[in-house]
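Scroll down for the structure; my scribbles are underneath it.
The values are calculated or read from the model by the stated rules, or taken from the named source; none is laboratory data. All values derive from a computational prediction rather than experimental measurement. With ideal geometry, Cβ positions are generated from the backbone for all residues, glycine too; neighbour counts draw on all protein chains shown.
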Amino acid sequence: MGSKIEQAEPLLSVQDLVVTYYTRAGEVRAVDHVDLDIVKGEVLGLVGESGCGKSTLGMAFLRLVRTPGQITNGRILFHGRDLLELSEREVQALRGAHISMIFQDPMTSLDPLQRIDDHFVESIRAHDKTVSRKEAVERAAELFDLLGIARDRLHDYPHQLSGGMRQRVMIGLALALNAELIIADEPTTSLDVLVEAQFLDLLKDLKKRYDMTLVLITHNIGIVAELADRVAVMYAGKLVELADVIPLFGEPLHPYTEALLSSVPNIRLDTELKIMEGQPPDLLVPPTGCRFHPRCPYAMDICREKDPPLVELEGGRKVACWLFEKEGTPHRSAEVSYA
Ligand SMILES: Nc1ncnc2c1ncn2[C@@H]1O[C@H](COP(=O)(O)OP(=O)(O)OP(=O)(O)O)[C@@H](O)[C@H]1O
Ligand code: SF4
Ligand SMILES: [Mg+2]
């Protein structure tokens, strides 16, 4: 039996997804057989140490993985249609209008030579030609009220806005098109703490108002605690734990999640993921068996030999660890305290 979120119909469903980077040094499997559903109206926090594949997975949701990366296995179902079977043009039509991506640096997505109102007009009219320029500008102005930006800033060029305003504009562009799913990759990393807090308040407000579906990729555990309904934890290209936010914080099951959270005694907004002892593995030569075994205090013989599958436990939580393979009963052999 799953939680309410687990039981709802997924908006986007990733099944057995593999993304490989073909580098000179060899193949890097940045997303390794990941299964994940994103449910309408939820905020899903996607966390894990640097290099574990979060951005690659986020890009794959829009089929945006570029050379030397390639989606080499799996399905990406959006409303039940497999994005991997669509033409580039069909996927292009989905991007923006249905699925929007917001990056750490909004300047990479904004045209420096175009005023902000033109960005709105162009993207609204690209998806609906029946909307006049005047109507599109009016819609943008209303969104600016909602986003807390003075309407006259619509005439500015991107470089004239602050980083926080640019990030609001990106959210505004997604809302202007009624995007059903927004993937935000470290959207607040370049903002100072005060602006970040304001931006998060805005996201919270929008989440309530619009029933927004958001995948929030972040290093910041505080943001996850504030905003996420569910959390997906990645380690070395694998999804290792998936749970509603309260049980996950209350009782992390996967030893990696446990170690991540135990390095965070008080969760505040500025709480970055601390790096625990040891290094994440080199994905060119990943460890055998469970990829976490060289750093795991509970590692058993089987962990070095066989990769644990992601299994669903009672209550709908999912975890990939041999400690939980027997009917969800933890049988840890060691009491461990993390430094
Ligand atoms: N363009 C690329 N070419 C080769 N390898 C890449 C490329 N992009 C990512 N990788 C590799 O894929 C793995 C996952 O990278 P990714 O950027 O998805 O991780 P991440 O979790 O988003 O990290 P961060 O928290 O630092 O943003 C890493 O090992 C990285 O080196
Ligand atoms: S499978 Fe083994 S090594 Fe991996 S996290 Fe679980 S106990 Fe640790
Ligand atoms: Mg990243």
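Below is a table of values for the structure above.
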read-out	value
Flag for GLY26 being buried (at least 16 other Cβ atoms within 10 Å of the Cβ), in contact (Cβ under 8 Å) with a residue 40 or more places away in the chain and small (Gly, Ala, Ser)	no
Restricting region 281-297 to residues that are surrounded by fewer than 19 Cβ atoms within 10 Å (Cβ to Cβ) and within 16 Å of THR257 (Cα to Cα), the residue that is nearest to the chain's Cα centre (by Cα)	ARG295
Residue satisfying condition, being surrounded by 14 or more Cβ atoms within 10 Å (Cβ to Cβ), away from ligand 1 (no atom under 16 Å from the Cβ) and free of Cβ contacts under 8 Å to residues at least 24 places away in the same chain, within set ASP118, ASP35	ASP118
Enumeration of residues in region 126-145 that are within 24 Å of GLN104 (Cα to Cα) and touching a residue at least 24 places away in the same chain (Cβ under 8 Å)	ALA140, LEU143, PHE144
Only one of SER123, SER100 that is surrounded by 14 or more Cβ atoms within 10 Å (Cβ to Cβ), among the hydroxyl-bearing types (Ser, Thr, Tyr), in contact (Cβ under 8 Å) with a residue 60 or more places away in the chain and away from ligand 1 (no atom under 16 Å from the Cβ)	SER100
Every residue from region 66-79 that is buried (at least 19 other Cβ atoms within 10 Å of the Cβ) and within 16 Å of ligand 3 (Cβ to nearest atom)	GLY69
Lone unmet requirement of (1) closer than 23 Å to GLY316 by Cβ; (2) over 15 Å from the mean Cα position of the chain (by Cα); (3) within 16 Å of ligand 1 (Cβ to nearest atom) for ILE217	(2)
Pair list, Cβ under 9 Å, 6 or more apart: region 51-72 residue farther than 19 Å from GLU186 by Cα, other residue of a type in the set (Gly, Ala, Ser) and more than 7 Å from ligand 1 (Cβ to nearest atom)	GLY69/ALA60; ILE71/ALA60
Any hit, region 75-90, residues being on the phi > 0 side of the Ramachandran plot, within 14 Å of ligand 1 (Cβ to nearest atom) and in contact with a strand residue (DSSP E or B) (Cβ under 8 Å, 6 or more places away or on another chain)	no
Yes/no for ASP128 being touching a Lys or Arg at 6+ places or on another chain (Cβ under 7 Å) and over 30 Å from GLU196 (Cα atoms)	no
Region 278-295 residues that are basic (Lys, Arg), paired with ones that are modelled with pLDDT of 95 or more and in a loop (DSSP other than H, G, I, E, B) (beta carbon under 7 Å, 6 or more apart)	ARG291/ALA236
Any hit, region 86-102, residues being under 24 Å from VAL195 (Cα atoms), modelled with pLDDT under 95, of a type in the set (A, V, I, L, M) and touching a Pro at 6+ places or on another chain (Cβ under 8 Å)	yes
Single residue of region 46-70 satisfying the filter (of a type in the set (D, E, K, R) and within 9 Å of ligand 1 (Cβ to nearest atom)) that is farthest from SER87 (Cα to Cα)	GLU49
Given (1) closer than 24 Å to LEU177 by Cα; (2) more than 16 Å from ligand 3 (Cβ to nearest atom), number of the condition GLY58 does not satisfy	(2)
Any hit, region 171-185, residues being in contact with a Lys or Arg (Cβ under 8 Å, 6 or more places away or on another chain), more than 30 Å from LEU77 (Cα to Cα) and buried (at least 20 other Cβ atoms within 10 Å of the Cβ)	no
Of the criteria (1) within 20 Å of LEU161 (Cβ to Cβ); (2) out of contact with any Gly (no Cβ under 9 Å at 6 or more places or on another chain); (3) away from ligand 1 (no atom under 16 Å from the Cβ), which one GLU186 fails	(3)
Qualifying residue in region 194-205 (condition: away from ligand 2 (no atom under 16 Å from the Cβ), under 19 Å from ILE38 (Cα atoms) and surrounded by 19 or more Cβ atoms within 10 Å (Cβ to Cβ))	yes
Filter pass, VAL14 being over 26 Å from ALA259 (Cα atoms), near ligand 1 (Cβ under 9 Å from one of its atoms) and within 18 Å of the chain's Cα centre (by Cα)	no
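Okay, residues lined up against (1) in a loop (DSSP other than H, G, I, E, B); (2) in contact (Cβ under 8 Å) with a residue 60 or more places away in the chain:
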{"position": "MET165", "(1), (2)": "no, no"}
{"position": "ILE182", "(1), (2)": "no, yes"}
{"position": "THR188", "(1), (2)": "yes, no"}
{"position": "VAL215", "(1), (2)": "no, yes"}
{"position": "ILE223", "(1), (2)": "no, yes"}
{"position": "ALA232", "(1), (2)": "no, yes"}
{"position": "PRO247", "(1), (2)": "no, yes"}
{"position": "LEU261", "(1), (2)": "no, no"}
